[in-house]
Amino acid sequence: MELLGLYDQAAEINVTPDRGYAFSIRGVAREYAHATGTTFTDPAAKVQVPAELSGGYGVKLNDDAPIYGKPGCDRFVARTVRGVDATRPTPPWMVSRLRLAGIRSISLPVDISNYVMLELGQPTHCYDLDKLSGDIVVRRAAAGEKITTLDDKERTLDAEDLLITDDSGAIGIAGVMGGAATEVGDSTSNILVEAAHFDEVSISRSRRRHKLPSEASKRFERGVDWQVAGVAAQRVVDLLVELAGGTADTTGTDVGTAPDTVTIELPAGFAAARIGIDFTEEQIVTSLEDLGAAVVKNDGGWTVTAPSWRHDLETKEDLSEEIARLVGYDKIPATLPVAPPGRGLTRVQQQRRRLIQALADAGLTEVLSYPFVSKAANDTFGVAEEGAARSAVKLANPISEEQGYLRTSILPGLIEVAKRNHSRGFRDLALFESGLVFLPGGTVGTASIPPLGAKPADDVLDALYDGVPAQPFHVAAVLTGHDSPAAAAHTPRVWDWADALDVARLAGDVLGVELVVTQGSHQAFHPGRAARLSLRSGEVVGYAGELHPKLLAAADMPARSVALELNADALFEAAPDVIVARHISPFPVATQDVALVVPADVPADDVLAALREGAGELLEDVALFDVYAGKGIEDGKKSLAFGLRFRAADRTLTADEASAARESAVALAAERFGAVQR
């Protein structure tokens, strides 16, 4: 195994974005020492670095007008090695370690640069010294400037890109990728080593702008130790001398200005109050010193100077988190808070849960879709009449141009979910979703944002809230295919508009709200198979029925798919505080049917309401079970068949009593609509 170089082992480590220092053996070793209590030996401390560098290759930092708040490059170290043999093979031990880290071997100088980056966390770059012309200048790009990077692609640069240049122009995108013009090759004999420190934001934006991820940019955009640049350059020089047979110049270049150190005041009891552990002074000081911080005792606690490689340590809260981490999360006591008495779910919370649970219990599957939709979807589902005025919130930074608006209806996203499932072979679906829709009024947003650090005045808060769009809670459902799987001796039934109405009625029933169903018209629904759902007050709260055939064809959905959508907030507001269960009579029911011929334009629900009113208190229930128009029925009229259930709370009804109640109901229907009994 040792002869083949197969004895190494690799450990996969997930590094969070705030821990840029851990993208190196140096950082991982420090964390390993924290976790195991062993002594940490800094590999950077073993590199012998000259006390001062001067007389080296000319370097100028020309970023006098920083774009992102600080200079794009605040340190640049350049070292020269001459007489290298770039054709020498990379030692097997180095190739093996690079491979285990996911980096392929390219050439000895490049492999050395990558190896030092993995070792110390500082990206470096090797230039062919003989291909450079004039001093190196670090500057921002000129508009329209171009560069051919090491991947042999020509890239047009942006004015915000930070560049490494010489007299010939751009020779590298700083911190991201070098240029092909100064690439080290087999004929290279003299090398200029670069180790620089770049601004995190500048590198991150250049990397995203050019879609050019690299191992160097991964580290720079998370933060690199300013102090380690000289060490990394010296380490590359030492390895080029040792492995490539080069000779290092005694001169060198180190230009730039060190950033201000971060000093944090940590009160003595602050960490204990935040974490819930009475930390000892020794635990606090030892933990912070293990991080590499300098800790000085003061009257009220400690003054802590964060180490140069920990860019994430800025506040006393950050220090408290680190103390808790190093002392051990297992030391934090698990204490359940005691709920205050007399509190529970609010009325609306209870109603929401009751509604959602009832739909799930009815066999519908709850799904969650994106609240982002297209303008066309909002135009179709947002208003009932085609071409009617509609307003929607446009996103400033949408995930795609096709989904650039916040939804004004839940149905577009729900239909997309049904379409996706249908395309994957799931033909029989009963889906529902509940959530907010966004209905902007006259004013959206505010002209100014109040400053931080102080609570805004009430009138300022009122202005802010006035600009927030109305966000009512809606519930919607889509039913496609059949109501049950096919089985022996069982033929499943196709969902139809009546099922959509049943789901809507179920939503009303569980909340104690009676929905009035009338013939409706909505551009997203079938012209003749849509119902408008209203409260007894006349407020329209939704629609239910068969979706429009053109919409279904465009979405490649099954024909006759049905849907519904309800304004649940309106139902919650109309619901009684206490739902009184209906008294169940122990006496038998008397059922009678009646068929009435009425004009074709008379809504069946109006006739049903007349029957209910005319039958009086003995009527327990009335339901429409048949509609007929054709042979035997006069043109322009239709036959409506109703089933009536009569029951008394204190006695068994006689046939005469039930018949009298039925005749009273028919009489009122005849009076109002000219109904004639068949």
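When residues in the stretch 415-464 are screened for being under 30 Å from residue 548 (Cβ atoms) and among the charged types (D, E, K, R), 7 of them pass. Has the stretch 383-390 got at least one residue that is within 23 Å of residue 471 (Cβ to Cβ) and under 25 Å from the mean Cα position of the chain (by Cα)? Within the stretch 383-390, none of the residues are within 23 Å of residue 471 (Cβ to Cβ) and under 25 Å from the mean Cα position of the chain (by Cα). Among the residues of the stretch 7-28, is there at least one that is at pLDDT 85 or above, out of contact with any Gly (no Cβ under 7 Å at 6 or more places or on another chain) and of a type in the set (Asp, Glu)? Scanning the stretch 7-28 turns up no residue that is at pLDDT 85 or above, out of contact with any Gly (no Cβ under 7 Å at 6 or more places or on another chain) and of a type in the set (Asp, Glu). Scanning for something aromatic (Phe, Trp, Tyr), part of a helix (DSSP H, G or I) and within 29 Å of residue 429 (Cα to Cα), does the stretch 368-384 turn up at least one residue? Checking the stretch 368-384: at least one residue is aromatic (Phe, Trp, Tyr), part of a helix (DSSP H, G or I) and within 29 Å of residue 429 (Cα to Cα). Residue count for the stretch 232-287 under the criterion of being out of contact with any strand residue (DSSP E or B) (no Cβ under 9 Å at 6 or more places or on another chain), polar (S, T, N, Q) and assigned to a loop (DSSP other than H, G, I, E, B): the result is 1.
Those residues that are hydroxyl-bearing (Ser, Thr, Tyr) and out of contact with any strand residue (DSSP E or B) (no Cβ under 7 Å at 6 or more places or on another chain), I need them from the stretch 178-188; list them, please. Answer for the stretch 178-188, where residues must be hydroxyl-bearing (Ser, Thr, Tyr) and out of contact with any strand residue (DSSP E or B) (no Cβ under 7 Å at 6 or more places or on another chain): just 187. Of all residues in the stretch 200-232, those satisfying the criterion of being farther than 17 Å from residue 72 by Cα, touching a helix residue (DSSP H, G or I) at 6+ places or on another chain (Cβ under 9 Å) and touching a residue at least 40 places away in the same chain (Cβ under 8 Å) are 212, 215, 228, 231, 232.
Against the condition on the phi < 0 side of the Ramachandran plot, under 41 Å from the mean Cα position of the chain (by Cα), assigned to a strand (DSSP E or B) and not aromatic (Phe, Trp, Tyr), how does residue 99 come out, does it pass?
no
Based on this model, can you work out whether residue 127 counts as hydroxyl-bearing (Ser, Thr, Tyr), in contact with a helix residue (DSSP H, G or I) (Cβ under 6 Å, 6 or more places away or on another chain) and at pLDDT 95 or above? Yes, satisfied. So which of 437, 417, 373 is modelled with pLDDT of 90 or more, surrounded by 15 or more Cβ atoms within 10 Å (Cβ to Cβ), among the hydrophobic types (A, V, I, L, M, F, W, C) and more than 24 Å from residue 558 (Cβ to Cβ)? It is 437.
Looking across the stretch 597-606 at every residue that is in contact with a strand residue (DSSP E or B) (Cβ under 6 Å, 6 or more places away or on another chain) and not in a strand (DSSP E or B), the one that is farthest from residue 421 (Cα to Cα) is identified as 600.
Considering only the stretch 645-674, state which residues are among the hydrophobic types (A, V, I, L, M, F, W, C) and either in a helix (DSSP H, G or I) or not assigned by TED's automatic domain parsing to the domain that holds residue 607 (or both). Once the filter is applied, which keeps residues that are among the hydrophobic types (A, V, I, L, M, F, W, C) and either in a helix (DSSP H, G or I) or not assigned by TED's automatic domain parsing to the domain that holds residue 607 (or both), the stretch 645-674 yields 655, 658, 660, 661, 665, 666, 667, 668, 669, 670, 673.
Here residue 569 fits the description: more than 15 Å from residue 478 (Cα to Cα) and modelled with pLDDT of 95 or more. Here residue 462 fulfils each of the conditions (1) modelled with pLDDT of 90 or more; (2) exposed (fewer than 15 other Cβ atoms within 10 Å of the Cβ); (3) within 33 Å of the chain's Cα centre (by Cα) apart from (1). In this entry, residue 444 passes the filter for residues that are assigned to a loop (DSSP other than H, G, I, E, B) and in contact with a Gly (Cβ under 7 Å, 6 or more places away or on another chain).
Within the stretch 63-97, take every residue that is under 29 Å from residue 202 (Cα atoms) and in contact with a helix residue (DSSP H, G or I) (Cβ under 6 Å, 6 or more places away or on another chain) and give me the one that is modelled with the lowest pLDDT.
68
Does any residue of the stretch 473-480 turn out to be surrounded by 12 or more Cβ atoms within 10 Å (Cβ to Cβ) and outside any strand (DSSP E or B)? No, there is no match, as no residue in the stretch 473-480 is surrounded by 12 or more Cβ atoms within 10 Å (Cβ to Cβ) and outside any strand (DSSP E or B).
For (1) at pLDDT below 90; (2) surrounded by 16 or more Cβ atoms within 10 Å (Cβ to Cβ); (3) farther than 22 Å from residue 498 by Cα, each residue gets a yes or a no:
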residue	(1), (2), (3)
626	no, no, no
634	yes, no, yes
640	no, yes, no
644	no, yes, no
649	yes, no, yes
652	no, no, yes
661	no, yes, yes
664	no, yes, yes
668	no, yes, yes
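Checked against the criterion of being within 21 Å of residue 132 (Cα to Cα), assigned by TED's automatic domain parsing to the domain that holds residue 115 and crowded, with 19+ Cβ neighbours inside 10 Å, the candidates 175, 223 yield just one match: 175.
Before we move on, is residue 678 surrounded by fewer than 16 Cβ atoms within 10 Å (Cβ to Cβ), basic (Lys, Arg) and touching a strand residue (DSSP E or B) at 6+ places or on another chain (Cβ under 6 Å)?
In short, yes.
The values are calculated or read from the model by the stated rules, or taken from the named source; none is laboratory data. None of the values given here were measured: they were computed from a predicted structure. Methodologically, a virtual Cβ is constructed for each residue, glycine included, from the backbone with ideal geometry; neighbour enumeration extends over all protein chains shown.
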